[in-house]
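Starting off with a structure, shown below.
The values are calculated or read from the model by the stated rules, or taken from the named source; none is laboratory data. The structure presented is a predicted model; accordingly, all values stated were derived computationally and were not measured. Note that each Cβ is placed from the backbone with ideal geometry, even for glycine, and that neighbours are counted across all protein chains shown. These area figures cover heavy atoms from the full protein model, side chains too; ligands, DNA and RNA do not enter into them. Shrake-Rupley method; radii C 1.70, N 1.55, O 1.52, S 1.80 Å.
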Amino acid sequence: MTNKPTFTDKGTLQRGKACLRCRKRKMRCDGNRPACQQCTHAKKPEGCEYDDGKGKTRTQILRETIQRLEQRVRELEDPEYVSPGVMLHDPHVHQSESSSSSYDSPGSTPVSVSHSPFPSESTNSPSEPWTHLPVISPSPSPFTTDIFFEEPQSYPPFDLGPVLLDIFSPHRHQCGLGIHMGYLRESLKLPPSEQRHPALMNSIYLWACFVSRPKPLSQHEESFLSQALDGVREGLRQGDKLLDVIQASCLLSLYFLANGRLVEGSFHASAVAALAVQCGLQTAVSGEGTFNPSSSREKLDLDYIQPGYKDGERILAFWQVYNLDRCWSVALRKPRVSLDTEDPWTSIDCPWPQDITEYESGNVTVGNGFSTVKTFLQGDVSGGFSMQAQRAKASAIFSRADELAASWRYRLPVDSYPEEFQALELTIDRFIPTMIPIHQLNVTMPEEKHTLIVVHTLIQVSVLQLYQRFAQNDPVIYDKCSAAAKACVAITKYISEQDYDYLDPIVGSCWTTVAEWLMCEIADIESAWALSITSADVRNDIATILYAMTTLNARFPVLGISVSKIQKRLAEL
């Protein structure tokens, strides 16, 4: 007989009577059985389950099976391991008296027994019932979301969320995330529907665990990674809080890249760049007569963001995507997605970013429909002097240098370099004086120092990328490249052991470029190309760069192969 749903006087389903799938997605459930209307329309009637105390659901049974198998694996891996006991319950107690956890129900009689790593040899031990005994789970993990509670749980519960945010907070600039951490922390107290998207929150918690390595918190990375990826897929499916989905995708991409999972990282970087363009993030924030393609594309609902920060987060999110796409496209040798053309659909008119706190008053720098990046690359370095803007400008120069070097395939005669090369060099020469000098890095605030290390390195490596293929035929260009490499070596001498924890992993790719140039210098010196310096000096510079690469690789395992190749080549020189 099919059970009829129970409704309140107001016509709504009684508390706790909704199916588990509707509870998880916070959807209205009609309580119909065997499958409610929501699950039927979603073509997932088999996933419609009810946790009403009348027996365990398929999900609960699967969870217990997984716990039992994990426990068995642990026993087989470590014969000396003593597993926690298993709680037996009275099989004669009616199922209706049991809760979702049978060993916690008042009608059950717990009996503690110990596992053996070997099968029992007793002839009195029934083999079949033994395989279905529920395994005691430890106290509920604060790192997972339990969809069986009446109220949706936060990601993770309230007592741990602020701790993870505190761990992540000093790393937000490293990840390029422009968000007000104070308001984010306060949002944990709001109802789930008013909080930031689970994809973003779980991506932040993932990074908090990642940067905690090798502490115990890091063992929960896979859990948060799975939840974050699920959240991104769900956010894309529903088109819900897309700005959060974009920010989360950037964090996920950089997480994969920093861990040497380059294919996954590249995939997410390209996907989020395409999504950002689809949402019109590259357009001007406002302005009369400004073409805004986002009006005919995906709408960005920003009402859930703290008032005063909506435009700011949108601007910062675009430049987060831009930095990721432009820098890692160079490192991974893949096409750029965030194009900057004359087409108003792709032209980058978004204002240079500011610090998130500067947006509180709502005074956002309004774009006037001009090409932000193109104007800068033509030598106009005015405007945008925040750390975030300097980071974005460095990405623009870095990407442009690689683009020009790759497009010019012929030997250039001395003093006749194309106008594009000269324009970029002019931009670099004008941009460098706007930054805090390298020798003053140790007197800056830590967050500024970490950003400036990356910015200075990107700029110097841009010079190498732009001219290194022509250096052998032009002594002036050779000296420019050599000076740029030495500047990168000098920068690493200002990096303390603690600073490595907060550096953008892209500097690893830059150091690889520097090391390759220095090895070419050694070959040139030993063939009497440059007599003013000795091979030993350059070898010392390579040792300095290799130390920096090895130290960074200990935090972000993305440089292992590069370090090995450089060491092998160095030994052959």
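Would you be able to say whether some residue in the stretch 466-483 is of a type in the set (A, V, I, L, M, F, W, C), buried (at least 18 other Cβ atoms within 10 Å of the Cβ) and under 22 Å from Ala554 (Cβ atoms)?
no
A quick yes/no check of all residues on (1) open to solvent by less than 10 Å² (accessible area, probe 1.4 Å); (2) modelled with pLDDT of 90 or more:
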residue	(1), (2)
Ala394	yes, yes
Ala401	yes, yes
Glu419	no, no
Ala423	no, yes
Asp429	no, yes
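Here's a follow-up. Considering only the stretch 191-211, state which residues are open to solvent by 10 Å² or more (accessible area, probe 1.4 Å) and among the polar types (S, T, N, Q).
Hits for the stretch 191-211 are Ser193, Gln195.
For the stretch 214-227, name all the residues that are under 17 Å from His171 (Cβ atoms) and in contact with a helix residue (DSSP H, G or I) (Cβ under 8 Å, 6 or more places away or on another chain).
Within the stretch 214-227, Leu217, Ser218, His220, Glu221, Phe224, Leu225 meet the criteria.
Also: Based on this model, can you work out whether Val381 counts as modelled with pLDDT of 90 or more, of a type in the set (A, V, I, L, M) and either part of a helix (DSSP H, G or I) or more than 28 Å from His450 (Cβ to Cβ) (or both)?
Answer is no for this residue.
What residue, of Asp340, Asp311, is part of a helix (DSSP H, G or I) and open to solvent by 10 Å² or more (accessible area, probe 1.4 Å)?
On inspection, the qualifying residue turns out to be Asp311.
Search the stretch 185-203 for residues that are more than 15 Å from Leu229 (Cα to Cα) and aliphatic (A, V, I, L, M) and pair each with any residue that is open to solvent by 60 Å² or more (accessible area, probe 1.4 Å) and not in a helix (DSSP H, G or I) when their beta-carbon atoms are under 9 Å apart and the residues are at least 6 apart or on different chains.
Qualifying pairs under 9 Å: Leu188/Phe158.
Name, by its number, the condition in (1) within 23 Å of Ile315 (Cβ to Cβ); (2) touching a Leu at 6+ places or on another chain (Cβ under 8 Å); (3) open to solvent by 30 Å² or more (accessible area, probe 1.4 Å); (4) aliphatic (A, V, I, L, M) that does not hold for Leu262.
(1)
Right, something else. Inside the stretch 470-482, can you point out the residues that are in a helix (DSSP H, G or I) and farther than 11 Å from Trp517 by Cβ?
Phe470, Gln472, Asn473, Pro475, Val476, Ile477, Asp479, Lys480
With Phe143, Phe149 as the choices, which residue is more than 17 Å from the chain's Cα centre (by Cα), modelled with pLDDT under 50 and within 17 Å of Ser212 (Cα to Cα)?
None of the others qualify; the one that does is Phe143.
I'm trying to understand the selection: among the residues of the stretch 196-243, which are in contact with a Phe, Trp or Tyr (Cβ under 8 Å, 6 or more places away or on another chain) and either of a type in the set (Asp, Glu) or not in a helix (DSSP H, G or I) (or both)?
Residues satisfying the conditions are Arg196, Val211, Glu221, Lys241.
A follow-up question, please. Return the residue satisfying two criteria in turn: it lies in the stretch 16-64 and is open to solvent by 40 Å² or more (accessible area, probe 1.4 Å) and at pLDDT below 75, and of such residues it is nearest to Pro191 (Cα to Cα).
Top of the filtered list is Asp52.
Please go through the stretch 172-187 and pick out each residue that is surrounded by fewer than 19 Cβ atoms within 10 Å (Cβ to Cβ) and hydrophobic (A, V, I, L, M, F, W, C).
Once the filter is applied, which keeps residues that are surrounded by fewer than 19 Cβ atoms within 10 Å (Cβ to Cβ) and hydrophobic (A, V, I, L, M, F, W, C), the stretch 172-187 yields only Met181.
Within the bounds of the stretch 277-291, is there any residue that is in contact with a helix residue (DSSP H, G or I) (Cβ under 9 Å, 6 or more places away or on another chain), at pLDDT 75 or above, outside any loop (DSSP other than H, G, I, E, B) and closer than 30 Å to Pro557 by Cα?
Scanning the stretch 277-291, I find no residue that is in contact with a helix residue (DSSP H, G or I) (Cβ under 9 Å, 6 or more places away or on another chain), at pLDDT 75 or above, outside any loop (DSSP other than H, G, I, E, B) and closer than 30 Å to Pro557 by Cα, so the answer is no.
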